[in-house]
Structure formats: C-alpha cells, structure tokens
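The values are calculated or read from the model by the stated rules, or taken from the named source; none is laboratory data. The structure presented is a predicted model; accordingly, all values stated were derived computationally and were not measured. Don't worry about glycine lacking a Cβ; one is built from the backbone with ideal geometry, like all the others, and counts go over all protein chains shown. SASA here: full protein model, heavy atoms, side chains in, ligands and nucleic acids out. Shrake-Rupley method; radii C 1.70, N 1.55, O 1.52, S 1.80 Å.
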Amino acid sequence: IAVLPFVNMSADPEQEFFSDGLSEEILNLLAQIRDLKVIGRTSSFAFKGRNEDLRTIGHTLGVAHLLEGSVRKAGNDLRITAQLIEVEGGSHLWSQSYDRKLENVFAIQSEIAGAIAGALKATLTAGEKARVDAVPTQNLQAWEAYQLGKQRMAKRTSVGLIEADKFFRQAIGLDPAFALAYAGLADSLTLRTE
C-alpha cells in the first residue's frame with residue numbers, strides 16, 4: 001500500500017502542513033502493521049499535486065492499493081475523507097468521511113489505520129494495536145508545531161531546516177515529554193551539519 005498526500009481542502013492554504021502531517025502519520029501507523037508492506041513517504045509524496053491516473057501511480061510505486069484523501073480544517077472542526085483504492089481495477093475498496101473536532105485527530109488517525117488494516121484483511125497483534133492507538137502528545141499546539149517542523153525539514157533547504165529547528169523546539173517547550181519532537185530536532189540538526 002502507498003499513502004498519497006492528503007489534499008488540503010481548507011480555505012487557508014497554510015494548513016497544507018496539517019494534511020501532509022496527517023498523511024504521514026497514517027503512513028507511519030500502517031507501517032507498524034506486520035501484515036502490510038507500506039511504501040515510504042518520499043516515494044508516495046513524489047506524486048503530491050500531480051493529477052495522474054491512480055492505476056499509473058500504483059504501478060509506478062509497485063503497490064496493489066493506494067490510500068488517498070482530503071482534509072478540511074476550519075478552526076477546531078475537521079472533515080477528513082479517506083479512500084482505499086484497488087490499483088488493478090481502479091475501484092474503491094473502502095471510503096469514509098470523519099467529521100470531528102481537532103482534539104480527536106489522534107483517534108481519527110488510529111481509526112483510519114485500523115479500518116484500512118481491516119479492509120486489507122491484515123491482522124493486528126496486541127502490540128501493533130497498542131502502537132496504532134498510542135497518542136504521542138496530549139498537547140495539540142505541540143503536535144501542530146511538530147508537524148510544521150516536519151514540513152519545513154522535508155524541504156531540505158538551509159532556511160527550511162532553521163525553521164524546522166524553531167518549530168521542534170516550540171513543540172518541546174509546549175510538551176517537554178513529546179519524544180517525537182526531540183527526534184525531529186535531532187534529525188534537523190543532523191541535516192544542518194551535513
């Protein structure tokens with residue numbers, strides 16, 4: 001399976017970091033399920049903004065299934081639509097819309113990952129289920145800062161890496177126990193020294 005970048009359908013184009021981050025988090029959750037082979041972020045995000053036939057994308061990535069979707073964020077309200085596509089025939093295997101509050105974003109990610117695992121008939125062990133359901137931080141501002149840091153780091157530019165450092169440090173300041181923010185900061189600092 002490959003998780004394509006979810007499309008930002010919010011009125012604010014600056015919210016693209018949120019849809020990218022959501023896509024990446026779902027990809028990471030699916031990658032923790034032993035029964036699934038998940039294509040990496042760099043490969044699947046190469047198709048961001050490209051309006052190509054999903055069968056072509058699937059064949060290029062060498063996958064049997066694609067997950068695509070969209071995100072609308074307005075204040076504290078979210079609407080996330082996700083669709084699981086079977087590449088060979090281009091047909092929908094599963095599709096769902098989620099209307100929730102921002103504070104439920106982690107539950108939505110887990111719910112989508114679990115639904116996809118079910119649609120693909122993947123069996124989750126107790127440990128995999130616990131990892132899929134884990135919440136990395138209770139502080140949504142820290143999570144948003146972390147997602148902004150990841151977005152800036154993905155640009156791999158000097159300015160982007162400096163901005164990534166700022167956002168990761170902001171996330172750490174908001175939640176000093178947020179391990180992923182420390183990992184992001186370490187990655188961005190490493191990239192700056194290369």
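For S97, the accessible surface of its heavy atoms amounts to roughly 50 Å² (probe 1.4 Å, protein chains only, rounded to the nearest 10). The eigenvalues of the Cα gyration tensor, multiplied by 5 and square-rooted, give the chain an equivalent ellipsoid with semi-axes of 26, 19, 17 Å from largest to smallest. Distances over 17 Å make up what percent of all Cα-Cα pairs in the stretch 70-110? Every Cα pair in the stretch 70-110 considered, those over 17 Å come to 37 percent. Accessible surface area normalised per residue over the chain is 49 Å², counting heavy atoms of protein chains with a 1.4 Å rolling probe. Taking the square roots of five times each eigenvalue of the Cα gyration tensor of the stretch 125-194, the equivalent ellipsoid has semi-axes of 24, 14, 9 Å, listed largest first. Phi-derived couplings, Karplus 6.51 cos²θ - 1.76 cosθ + 1.60 at θ = phi - 60°, listed residue by residue for the stretch 37-43: 9, 10, 5, x, 4, 4, 5 Hz, with x used for Gly and Pro. For S43 and K155, the FRET efficiency from 1/(1 + (r/R0)^6), where r spans their Cβ atoms and R0 equals 25 Å, is about 0.90. All Cα-Cα separations within the stretch 1-81 were binned at 5 Å from zero, giving a P(r) of 3, 15, 27, 23, 17, 10, 4, 1, each value a whole percent of the pairs.
For the stretch 57-154, the equivalent ellipsoid derived from the alpha-carbon gyration tensor has semi-axes of 25, 17, 15 Å in decreasing order.
For F178, no residue has an amide H sitting under 5 Å from its own, ignoring neighbours fewer than 5 places away on the same chain, with H placed 1.01 Å from N.
Here the extension length gained between A186 and T123 equals 19.3 nm, from 0.36 nm per residue of separation less the Cα-Cα distance. Rounded to the nearest 20 debye, the dipole magnitude of the chain is 240 debye, with +1 charges on Lys and Arg beta carbons, -1 on Asp and Glu beta carbons, and the Cα centre as origin.
Considering only V38, V132, V159, the Gaussian network model of the chain with Cα springs below 10 Å gives its largest mean-square fluctuation to V159.
Amide hydrogen proximity for V63: with H placed 1.01 Å from N in the peptide plane, no residue at 5 or more positions away or on another chain lies under 5 Å.
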